[in-house]
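Peer 1: One structure coming up, written as structure tokens, with questions to follow.
The values are calculated or read from the model by the stated rules, or taken from the named source; none is laboratory data. On a predicted model such as this, the values are computed, not experimentally measured, just so you know. Cβ sites come from the backbone with ideal geometry, for glycine too, and all protein chains shown count toward neighbours. Please note that ligands, DNA and RNA were not included when accessible areas were found on the heavy atoms of the full protein model with its side chains. Shrake-Rupley method; radii C 1.70, N 1.55, O 1.52, S 1.80 Å.
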Amino acid sequence: MLLHLEEALLLLSRIDAVTLVLDQKPTDVFTILMLAADHLYELSAEKGIYIDVPQLGEMQMDADADWTMEAVMNLMKNCMEAADAGTAVHCSYENNPLYTQIRIWDEGKGFAKEDIPHLFERFYRGSRQTSAGIGIGLSVAKEVIEMQNGVIRAFNLPEGGACFEIRFYSH
């Protein structure tokens, strides 16, 4: 736990000091999602949660594959923490001339309404938080995405569940 905290704080320091260099190049979205899901395989198996990454065809975007995968893993982990065993964390992706969009959502209860404006704040832990997390994963994800001309938002789905939506803008 302390090692993870130390690594996370060092990463945040690098982001704040603008010394984190991203290697943006054409990257396949499906590959990023699959690598993130593969890295979380043990945790998903332990929790009994399936990570659904549909193959929707090749879709390129300019991104740093490693750091974008790290951001996506943080979002997937957050969804897994809110989901019950026997459910799934879902992913989808699409693009248009303006942006590439990735959505990651769960089948849980969704975010508490009062938490939504604060989810990406450093060290914020939502009112429904049950894990031993330290509250920086979503903040790191937001920073990495924004460094790549992207935006992220969180909201509840009408049918239930929490959803993260990322948009990487083309220009």
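Peer 1: Taking H placed 1.01 Å from N in the peptide plane, check which residues at least 5 places from Ala63 or on another chain put their amide H under 5 Å from its amide H.
Peer 2: Under 5 Å from the amide H of Ala63 lie the amide H atoms of Lys25, Thr27, each far enough along the sequence or on another chain.
Peer 1: Label Glu46 and Ser170 with points 7 Å out from Cα along Cα→Cβ: what is the distance between them in nm?
Peer 2: 4.2
Peer 1: Same structure, new question: Given contacts defined as C-alpha pairs under 8 Å and at least six residues apart, what's the relative contact order of the stretch 56-171, whole-number percent?
Peer 2: RCO, the stretch 56-171: 30 percent.
Peer 1: Using +1 at the Cβ of each Lys and Arg and -1 at the Cβ of each Asp and Glu in the stretch 34-91, identify which of Ala36, Gly57, Cys79 lies farthest towards the dipole's positive end.
Peer 2: Ranked along the dipole, the leading option is Cys79.
Peer 1: For q = 0.20 Å⁻¹, what log10 I(q)/I(0) does the stretch 55-171 give under the Debye formula with an equal point scatterer on each alpha carbon and no solvent?
Peer 2: With no solvent term, the Cα-only Debye profile gives -1.13.
Peer 1: So for each of 93-103, 28-38 I average, over its residues, the number of other beta carbons within 10 Å; can you give me the resulting order with the highest mean first? Numbers along the way, then the final one.
Peer 2: On the way: 93-103: 15.5, 28-38: 19.2.
Top to bottom by mean Cβ count within 10 Å: 28-38, 93-103.
Peer 1: Could you state the accessible area per residue of the stretch 49-98 in Å², with a 1.4 Å probe and every protein chain left in place? Write down the numbers at each step before the final one.
Peer 2: Details: 2350 Å² over 50 residues.
Using a 1.4 Å probe on heavy atoms only, each residue of the stretch 49-98 averages 47 Å².
Peer 1: Calculate, in nm to one decimal, what Asn149 and Lys113 gain on full extension: separation in residues at 0.36 nm each, minus their alpha carbon distance. Working shown, then result.
Peer 2: Numbers: separation 36, 0.36 × 36 = 12.96 nm, distance 2.73 nm.
Taking Asn149 through Lys113 to full extension adds about 10.2 nm, to one decimal.
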